[in-house]
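Here the structure is laid out as structure tokens; the discussion comes afterwards.
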Amino acid sequence: MKPFPLDELRVEYLRETHDLSSFHCRNDDLNDFLKSDAIESQEDLISRTYLCLWHDTILGYLALVTDTIEVKLIEKDDGVADYPYPRYPSIKIARLAVEEKFEGRGIGRFLLFWATGKVYQLSNEIGCRYITLDSKQESLGFYENFGFKVIERYAGRNFPPMYLNMYPIVSQMRQEDSGRDA
Ligand SMILES: CC(C)(COP(=O)(O)OP(=O)(O)OC[C@H]1O[C@@H](n2cnc3c(N)ncnc32)[C@H](O)[C@@H]1OP(=O)(O)O)[C@@H](O)C(=O)NCCC(=O)NCCS
């Protein structure tokens with residue numbers, strides 16, 4: 001299937017005025033969250049939801065929350081030597097879904113890249129070393145493609161937790177930014 005032209009996609013944070021009625025992904029919980037809970041959760045400062053749009057069509061969405069991850073769950077190479085606290089700061093992708101009709105056309109990847117860019121921006125303002133999420137079993141491969149690692153201790157759970165170490169990504173993005181500014 002033809003990928004969407006990336007320059008025609010945009011991301012907006014969810015507002016009351018968005019018409020969500022036509023959105024449908026393969027997972028009912030993710031449909032319900034967007035249509036019934038996302039605005040309230042946003043107003044309560046629990047999560048922030050972002051829509052991926054092509055013109056007025058909602059292609060997908062994700063929701064972000066702050067999180068922490070236990071130091072002992074991170075692979076040694078992804079951690080910080082002699083870190084003195086029990087948990088690392090992170091940002092969690094609490095929900096991510098793509099409209100069923102548009103699956104397989106790069107929207108999920110686009111949303112993950114977008115989230116990485118958002119966490120890069122945030123990392124210039126606050127500490128956040130990892131992106132975390134709880135994956136559905138059938139979506140593990142999707143996130144692994146992108147560099148997310150399953151937390152071994154919980155690999156057998158229904159929704160295995162995963163993390164992406166942002167340190168090498170942020171280092172590279174900073175180098176690219178400073179190259180552009182020079
Ligand atoms: C999982 C989901 C977000 C993927 O989005 P998508 O837009 O269809 O994925 P993309 O087209 O961007 O695919 C990007 C890459 O991941 C691969 N991929 C997609 N879904 C995959 C899966 N379930 N398992 C393994 N690989 C997958 C694609 O083949 C593609 O690989 P390529 O780069 O080698 O071509 C989407 O299928 C979805 O919303 N599913 C229902 C809800 C859900 O499961 N959400 C995740 C909650 S944990």
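All of the numbers you see were taken from the coordinates with simple rules; none came from a lab. Bear in mind the structure is a predicted one, so any value in this text is a computation, not a measurement. Reconstructed Cβ throughout: ideal geometry from the backbone, glycine too, with neighbour counts over all protein chains shown.
Quick look at the values:
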item	result
Using alpha-carbon coordinates, inclination of helix 167-181 to the longest axis of the chain, degrees	80
Residue order, fewest to most beta carbons within 10 Å, for Glu99, Glu12	Glu12, Glu99
Met1-Gln121 FRET efficiency (beta carbon distance; Förster radius 45 Å; 0.05 resolution)	0.90
Over the chain: helical MRE at 222 nm, DSSP H runs n ≥ 4 each giving -39500 (n - 2.57), nearest 500	-8000 deg cm²/dmol
Radius, Kirkwood style, for the chain when every pair of distinct Cα atoms is counted (Å)	17.4
Linear extension gain, Lys149 paired with Arg174, 0.36 nm per residue minus alpha-carbon span	6.7 nm
Options Gly117, Ile91, Asn165, ranked by Cα towards positive dipole end of the chain, top entry (Cβ charges)	Asn165
Zone residues, the range 85-105, relative to Asn31, backbone N less than 17 Å from point 7 Å out along Cα-to-Cβ	96-103
Computed label-point distance, nm, for sites His24 and Asn158 using a 7 Å Cα→Cβ extension	2.4
Extreme residue, positive dipole direction of the chain, given options Gly79, Ala182, Pro3 (C-beta unit charges)	Gly79
On Cα atoms only, tilt of 107-123 relative to the major axis of the chain in degrees	50
Two-site FRET efficiency, Thr17 against Arg109, from Cβ-Cβ distance with R₀ of 35 Å, rounded to 0.05	0.80
Ascending count of other beta-carbon atoms within 10 Å, so fewest first, for His55, His24	His55, His24
Nearby lysines by direct alpha-carbon distance to Lys72 (threshold 28 angstrom, same-chain neighbours under 8 apart not counted)	Lys92, Lys118, Lys136, Lys149
GNM result for the chain, Cα springs below 10 Å: residue of Val119, Val71, Val150 fluctuating most strongly	Val71
Set of lysines with alpha-carbon distance to Lys2 below 25 Å, sequence-local pairs under 8 removed	Lys101
